[in-house]
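> Next up is a structure, given as structure tokens.
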Amino acid sequence: MRSSLHVSGILDQTALTMVINLEELGDRTVKTTALQHLQNPRSLQRMQALSSPSMKSSLAAALFSTILCLSSSTALVEGNNNCKCLYGQPCWPSTQAFDTLASQLSQPLLQPLPPALPCYTDPSGAECADVQANTANGTWRANIPGALQNLFFEDYIFPNNTISACYLNTTLGIPCEQGSIPPIGVDARSPEDIQAAVRFAKEHNLKVVVQNTGHDYLGRSTGRNGFMIWTHLMKNIEFHGAFAPEGGDGSEQFEAVTLGAGVQWIEAYAAVGARDRFIVGGISQDGSVGAAGGWVLGGGHSAFSGKFGLGVDNVLQFTLVKADGSHVTANAHTNPTLFWALRGGGGGTFGIVTSVTYKIHPLVPVTGALAFVNFTSPDNAQRAITEYIRLHATLSDNEWGGYSFFSNYTMFFFYLAPNISLPEANATIGPLFNLLHEVGDTGLITEVVPFDSFNALANFSVPGAQDSQVGNRPEISSRLLSRDTALNKAEETARTLLSLEFVAINYIAGGAVLRVDPESTGLNPAWRNAVAQVYIGESHEEGASAETIRATQQRLVEGTAILDTITTDSAAYLNEASLHEVDFKKSFWGTHYDRLKRIKYEVDPTGLFVVPRGVSSEDWDENLVCRV
């Protein structure tokens, strides 16, 4: 097939105008890919940056010849690793190739479909009723390949602002479409399954999506027209009385547990608690967050971090499948550089984790402190929030942790004090409770509650807690609150936060987190000065137009700029963060980014594993399909 490319270019300080005549390009995929490059602001910016008067038309032609590689009409989709192969393109593996893959797996291949599809095929049927009853159930969603907890990332917005989605509300009159959910995948039950999937993806240059439970605020566990590796049913749990990390001399031994990639925190807590032990993990409404995936790879915060450290501080060993298909161990003695990167470098980036081994701890009694108050005036809100923020320094010293949200009108928090007696807890929290009684209305709740151990918290109902974000369409942004800011700038920090409509503070740092060497893990060093995470959020309704969604995202960007005034380094928790960061490398990893990127390319030189705003993602276009 004959291809022709006519480029006329004018490059100057302010503009790049290029006209490509694609009439004779018979292959639709090549046309689409070419247009994607033309519409990519990063490609245009790079060309502008390289421009000079002597390079105008010749550089334009050379760049576009390189980008499009149109020696044949299918160059971009066959034999050119600059772009990944997507479903529907000529390069997509044949049925025979997938049959060969299936013969190497323990389970049939998956064909993920939108969770709401039954309400379009049989609106009055039992399956649709199940969908309607469980859309906001995190455990239910986690059990569906391709489903996400945050529904926004199941949708796909095209450059022309049309949206591919499958909404629960069928009365919108919008057809059910695949959206961002990958059309095919592997139901991995063992490392060998993952190895076969990785080798297949590498051979065919596929866009890889790794998913466990679908808890994700950045869209990292989905990808339109990609190839999914689903680890959710890798549920092995193994205990060790004296675990010695592989490759060491055996002098260091730990009581530990190894969790398979698909284990969720509710399962881990039950198994560990049955042995009268405790494990540091995530806390969500139904415990459906994965215990051996993105949570720990992004740092892993907990209400118990102040006592025992973050998730990354409790990891002894990972096993994972690398981009070359090898199954390796990473710990302080074996692959220590990779071990450093995995502890905070983010999920879906350095390989596919098959197991994580954590320290476990003796059970200790826990005291809870609960407050729910409606403020009688904005001035009273300012007084209360100022003292509340200032108290975080003391809470840090005493290894407390917990969760809260507030506005000019109301405040809720539930904090936990491990191994702190009731009198000690009252002495710490009592002055704040007294102030809340001064500034709150008659419906306020302040209570200190003792628990025998973490296990006893399972059946405790927290009045005033937030509704679940599962099954909705939120986007959030976060910043870490330093100990110095909490202690010495409480009043101005309170004023800034109260200027926002709604703010949450997760008190999930301080204490033991501050006592860890910032250079010991790939985690953003700012965590080692932080006592809490502050976050804000915006959301939109299903069926919203792309323009409405963009406006929602812009409000989040503006709110983030306000949060930045209370920080010195714009540090964020990358698992609970925004896609719209001004500088995600700085916010998510700080001074560790350059080293993380070097390690990334050492273990994955071709970029098989790339996720939105992950390490090295700036080297790819917005869809993470083509290198820029």
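> For the stretch 125-166, what percent of Cα pairs sit more than 13 Å apart? Kindly include the intermediate steps, with their values, before the conclusion.
On the way: 530 of 861 pairs.
For the stretch 125-166, the share of Cα pairs beyond 13 Å comes to 62 percent.
> Considering only Cα-Cα distances, which of the following residue pairs are longer than 21 Å: 359/586; 207/322; 307/586; 322/600? If you can, show how the numbers build up before the last one.
Numbers: 359/586 30 Å; 207/322 15 Å; 307/586 28 Å; 322/600 11 Å.
From the list (359/586; 207/322; 307/586; 322/600), the Cα-Cα distance tops 21 Å for 359/586; 307/586.
> Something else about it: Once both labels are modelled 7 Å past Cα along the beta-carbon direction, what's the residue 488-residue 421 spacing in nm?
3.5 nm
> Further, regarding this structure: log10 I(q)/I(0), Debye, Cα-only the stretch 534-628, no solvent, q = 0.15, 0.22, 0.25 Å⁻¹?
Taking Cα atoms of the stretch 534-628 as identical point scatterers yields -0.71, -1.16, -1.28.
> While we're here: With an 8 Å Cα cut-off and a minimum separation of 6 or more residues, compute the relative contact order for the stretch 508-576 in percent.
On the way: 47 pairs, mean separation 18.7, N = 69.
Reported as a whole number, the value is 27 percent.
> Using the Cα centre of the chain as the reference point, and only Cβ charges (+1 on K/R, -1 on D/E), how large is the resulting charge dipole? Debye, rounded to the nearest 20. Each step should come with its number before you reach the end.
Numbers: 40 positive and 61 negative charges, 266 e Å.
Roughly 1280 debye, rounded to the nearest 20.
> In addition: Which whole-number percent gives the relative contact order of the stretch 193-305, counting Cα pairs below 8 Å spaced six or more residues apart?
About 20 percent, as a whole number.
> Karplus couplings for the stretch 598-610 from phi (6.51 cos²θ - 1.76 cosθ + 1.60, θ = phi - 60°), rounded to Hz, Gly and Pro as x?
Ordered by residue, 3J(HN,Hα) equals 4, 5, 3, 6, 5, 8, 9, x, 8, x, 5, 9, 9 Hz.
> Can you tell me what the convex hull of the Cα atoms of the stretch 154-313 projects to on average, as an area in nm²?
Working: hull surface 52.2 nm².
Computing the convex hull of the Cα atoms and averaging its projections yields 13.1 nm².
> Rank 557, 513 by accessible area, highest first, at a 1.4 Å probe radius? All intermediate terms of the calculation are to be shown ahead of the outcome.
Working: 557 50, 513 0 Å².
I get 557, 513, largest accessible area first.
> If Lys and Arg each add +1 and Asp and Glu each add -1, what is the summed charge of the other residues whose beta carbon sits under 15 Å from the beta carbon of residue 577?
Its environment carries a net charge of -3.
> When 1/r is averaged over all different Cα pairs and the result inverted, which Kirkwood radius in Å belongs to the stretch 523-565? Let's see the in-between values first.
On the way: mean 1/r = 0.0802 Å⁻¹.
Radius from the Kirkwood sum: 12.5 Å.
> To continue, here is another question. Distance in nm between label sites at residue 627 and residue 172, each 7 Å beyond Cα in the beta-carbon direction?
3.8 nm
> Rounded to two decimals, what is the ratio between the C-alpha radius of gyration of the stretch 88-164 and 2.2 N^0.38 Å? Mind showing how you got there, number by number?
On the way: Rg = 16.0 Å, N = 77, 2.2 N^0.38 = 11.5 Å.
Here the Cα radius of gyration is 1.40 times the empirical estimate.
> Residue by residue through the stretch 284-294, which ³J(HN,Hα) values in whole Hz follow from phi under the Karplus form 6.51 cos²θ - 1.76 cosθ + 1.60 (θ = phi - 60°), with glycine and proline marked x?
These are the phi-based 3J(HN,Hα) values: 9, 4, 10, x, 8, 5, x, 9, 9, x, x Hz.
> So what are the three principal axis dimensions of the chain from its Cα atoms, in whole Å, longest to shortest?
83, 57, 54
> In the full protein assembly as shown, how much of residue 399 is accessible to a 1.4 Å probe, in Å² to the nearest 10?
30 Å²
> Sequence-distant or interchain residues sharing an amide H contact under 5 Å with residue 209, placed H: which?
227, 228, 229
> Grab the Cα-Cα distance for residue 568 and residue 94, subtract it from 0.36 nm times how many residues apart they are, and report the gain in nm with one decimal. Write out the running numbers ahead of the final one.
On the way: separation 474, 0.36 × 474 = 170.64 nm, distance 5.24 nm.
Contour length minus the Cα-Cα distance gives 165.4 nm.
> Continuing with this model, one more query. How do 508, 283 stack up against each other in accessible area, from largest to smallest, with a 1.4 angstrom probe?
Values: 508 0, 283 75 Å².
The residues order as 283, 508, largest area first.
> Another question, then. For the stretch 342-403, count the residues as N, evaluate 2.2 N^0.38 Å, and divide the Cα radius of gyration by that value, please. Before the final figure, lay out the partial values.
Values: Rg = 19.2 Å, N = 62, 2.2 N^0.38 = 10.6 Å.
The stretch 342-403 yields a ratio of 1.82.
> Counting helices only, and only those DSSP H runs with n ≥ 4, report the 222 nm mean residue ellipticity of the chain as the sum of -39,500 (n - 2.57) divided by its residues, in deg cm²/dmol to the nearest 500. Kindly include the intermediate steps, with their values, before the conclusion.
Working: 20 runs with 191 residues, N = 628.
It lands at -9000 deg cm²/dmol.
> Here's something else I'd like to know. Leaving ligands, DNA and RNA out of it, rank 204, 592, 437 by accessible area with a 1.4 Å probe, largest first. Each step should come with its number before you reach the end.
Numbers: 204 45, 592 5, 437 105 Å².
Greatest to least solvent exposure: 437, 204, 592.
> Provide the net charge surrounding residue 446, with neighbours chosen by a C-beta distance below 15 Å and charges set as Lys +1, Arg +1, Asp -1, Glu -1.
Working: positive: none; negative: 387, 438, 441, 447.
So the surrounding residues net to -4.
> How far is helix 41-50 tilted off the main Cα axis of the chain, in degrees rounded to 10, range 0 to 90?
70 degrees
> Next question, about the same structure. Excluding same-chain residues fewer than 8 positions from residue 202, which aspartates and glutamates have a Cα within less than 14 Å of its Cα?
By straight Cα distance, residue 202 reaches 78, 324, 604.
> Skipping prolines and chain starts, which residues have an amide H placed within reach, meaning under 5 Å, of the one on residue 264, given they are 5 or more residues away or on another chain?
Long-range HN contacts for residue 264: 291.
> Next question. Which value, in Å², gives the accessible area per residue of the chain when a 1.4 Å probe is used on the protein heavy atoms? It would help to have the intermediate numbers written out before the result.
Working: 25060 Å² over 628 residues.
Result: 40 Å² per residue.
> If you don't mind, another one. How much solvent-accessible surface does residue 87 expose, in Å² to the nearest 10, with a 1.4 Å probe and all protein chains in place?
Surface accessible to solvent at residue 87 totals approximately 120 Å².
> Further, regarding this structure: Report ³J(HN,Hα) in whole Hz for each residue of the stretch 178-186, in order, from the Karplus equation J = 6.51 cos²θ - 1.76 cosθ + 1.60 where θ = phi - 60°; Gly and Pro get x.
Coupling constants for the stretch 178-186: 5, x, 9, 6, x, x, 8, x, 10 Hz.
> Roughly to the nearest percent, how much of the accessible area of the chain is carbon and sulfur, given a 1.4 Å probe?
Numbers: 12480 of 25060 Å².
The value for the chain is 50 percent carbon and sulfur by accessible area.
> Now a separate question. Taking each pair of distinct Cα atoms in the stretch 448-594 once, what is the resulting Kirkwood hydrodynamic radius in Å? Walk me through the numbers on the way to the answer.
Details: mean 1/r = 0.0588 Å⁻¹.
Final number for the Kirkwood radius of the stretch 448-594 is 17.0 Å.
> Please report the antiparallel percentage of the DSSP beta bridges confined to the chain, to the nearest 5. The partial results should precede the final answer.
Details: 74 of 83 bridges.
Counting DSSP beta bridges with both partners in the chain, the antiparallel share is about 90 percent.
> Taking the C-alpha atoms of the stretch 473-534, how large are the radius of gyration and the largest Cα-Cα span, Dmax, in Å?
Rg, Dmax (Cα atoms, Å): 13.0, 37.
> Quick one: if the Förster radius is 22 Å, what FRET efficiency do residue 551 and residue 618 give, using the C-beta to C-beta distance and rounding to 0.05? List each step's numbers first, then the result.
Values: r = 26 Å, r/R0 = 1.16.
So the FRET efficiency works out to roughly 0.30.
The values are calculated or read from the model by the stated rules, or taken from the named source; none is laboratory data. Quick caveat, the model's predicted, so the values are computed rather than measured. Glycine also receives a Cβ, built like all others from the backbone with ideal geometry; neighbour counts cover every protein chain displayed. These accessible areas exclude ligands, DNA and RNA; they are computed on the full protein's heavy atoms, side chains included. Shrake-Rupley method; radii C 1.70, N 1.55, O 1.52, S 1.80 Å.
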